[in-house]
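See below for the structure under consideration.
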Amino acid sequence: MKAAVWKGIEQLDIDDIPIPEPKDPRDVQVKVVACGVCATDLHILEGKFPMFKPPRVIGHEFTGVVSAIGTGVTRFKVGDRVAVETGLACDTCYFCRDGREHQCLHRLAHPGGYADYALYPERNVHKLPDGLTFEFAALAEPVACVLHAIDLAKLRSGDVALVLAGGTIGCIMTQLLLHSGASKVLVSEPREHRREVVKAVGGIPVDPKGQDLAAFVKEHTDGLGPEIVFDCLGHPALLEQGIELVQKGGTVFVMGVADPDAVAKVKPFQLFDKEIQIKAAFLRPYMFHRAVRWLPHLTLQPLLGVEYPLAKTKEAIHALRDGKGLKIMVKP
Ligand SMILES: [Zn+2]
Ligand SMILES: [Zn+2]
């Protein structure tokens, strides 16, 4: 089969490798149909994601059809349409036993979805609701990450939220915040085509380059600022902006993946004076089944539309850097 193998900085080759066949009784082999391109893939390609070491098949947002199963698999049969949750916790370390599998000390990463086939344990595979397309379902992973953040944020019904960056995460965040009780979601996004999508999914877009963001936020919050701000990009400037703009007693939430060496300037006095909480969300523990449940109720079509074949995976990842579309898909 063909697979996109990451081998180092800016090195991603399409290699011929053997199809992974079920070995363990619980293994499920999936023929990949769609794999979403994530900013994390770009960080990996640029050598700014220390969690992974090359060589490896990347791609962690994928869907497909079950093509073979181990003898002990009970929940799936060949032909089932599924989404795959990547990453596997050890189930034995302190954090796993403490109910925090995403903080596992020995987390395993199986080869990913930029490939014709992938092999995962049954526990990582989720059946898709009828009628949901493979492309929509490939968004289960980012939806799961957003759900984890919203749970941790402890949003109250009626709160106003400010989302910084209206990319895929920002546009999913906007919808799930509104579904979860936010009365209004303001979204700061410099790119016009993304502000159009923000509007289509129910957010109130603002251009932070062309408009006065602070004035806009005040105008929409009776001069008080939003109760909660989400940095959906992972940039120090957005964390600083969030601390400036959030209401007294509010929460600033780090949702994006920052460059590991990036440093933000924070005034401890300001945190004290405004009594601000700074929080973050890592991965998506125990969220995938809820994400799959949400998918049919979300507006996802405006996020899609840019697709590349597997042979052009590197171009697809670069297209994300160039700001093309929103959620780019690679299709084997
Ligand atoms: Zn991702
Ligand atoms: Zn563990």
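Descriptive notes on the structure:
- Scanning the range 105-112 turns up at least one residue that is hydrophobic (A, V, I, L, M, F, W, C), within 16 Å of ligand 2 (Cβ to nearest atom) and at pLDDT 95 or above.
- Residue in the range 78-95 that is under 21 Å from residue 262 (Cβ atoms) and either assigned by TED's automatic domain parsing to the domain that holds residue 26 or more than 16 Å from ligand 2 (Cβ to nearest atom) (or both) present: no
- Qualifying residues in the range 35-65 (those that are under 17 Å from residue 315 (Cα atoms) and among the aliphatic types (A, V, I, L, M)) - the one farthest from ligand 1 (Cβ to nearest atom): 57
- The residues listed here are 2, 23, 7, 48; of these, the one that is away from ligand 2 (no atom under 16 Å from the Cβ), charged (D, E, K, R), farther than 23 Å from residue 234 by Cβ and surrounded by 13 or more Cβ atoms within 10 Å (Cβ to Cβ) is 2.
- Only one of 292, 254, 266 that is among the aliphatic types (A, V, I, L, M), free of Cβ contacts under 8 Å to residues at least 60 places away in the same chain and closer than 30 Å to residue 84 by Cα: 254
- Any hit, the range 43-58, residues being outside any helix (DSSP H, G or I), of a type in the set (Gly, Ala, Ser) and modelled with pLDDT of 95 or more: no
- Restricting attention to the range 30-45, the residues being surrounded by 23 or more Cβ atoms within 10 Å (Cβ to Cβ) and more than 30 Å from residue 132 (Cα to Cα) number 0.
- Unmet criterion (only one of (1) touching a helix residue (DSSP H, G or I) at 6+ places or on another chain (Cβ under 8 Å); (2) more than 9 Å from ligand 2 (Cβ to nearest atom)) for residue 124: (1)
- Candidates 213, 224 - the one that is surrounded by fewer than 17 Cβ atoms within 10 Å (Cβ to Cβ) and without any contact (Cβ under 8 Å) to a residue 40 or more places away in the chain: 224
- The listed residue being at pLDDT 95 or above and part of a helix (DSSP H, G or I), out of 95, 76: 95
- All helices (runs of 4 or more DSSP H) inside the range 199-297 with 1 or more residues being within 28 Å of residue 103 (Cα to Cα), modelled with pLDDT of 95 or more and not assigned by TED's automatic domain parsing to the domain that holds residue 108: 236-245, 268-274, 288-294
- Within the range 145-167, being touching a helix residue (DSSP H, G or I) at 6+ places or on another chain (Cβ under 8 Å) and either of a type in the set (A, V, I, L, M) or closer than 21 Å to residue 213 by Cβ (or both) holds for 146, 147, 149, 150, 155, 161, 162, 163, 164, 165, 166, 167.
The values are calculated or read from the model by the stated rules, or taken from the named source; none is laboratory data. This structure is a prediction, so every number in the text was calculated from the model and none was measured. Here the Cβ is made from the backbone with ideal geometry for all residues, glycine too, and neighbour counts use every protein chain on show.
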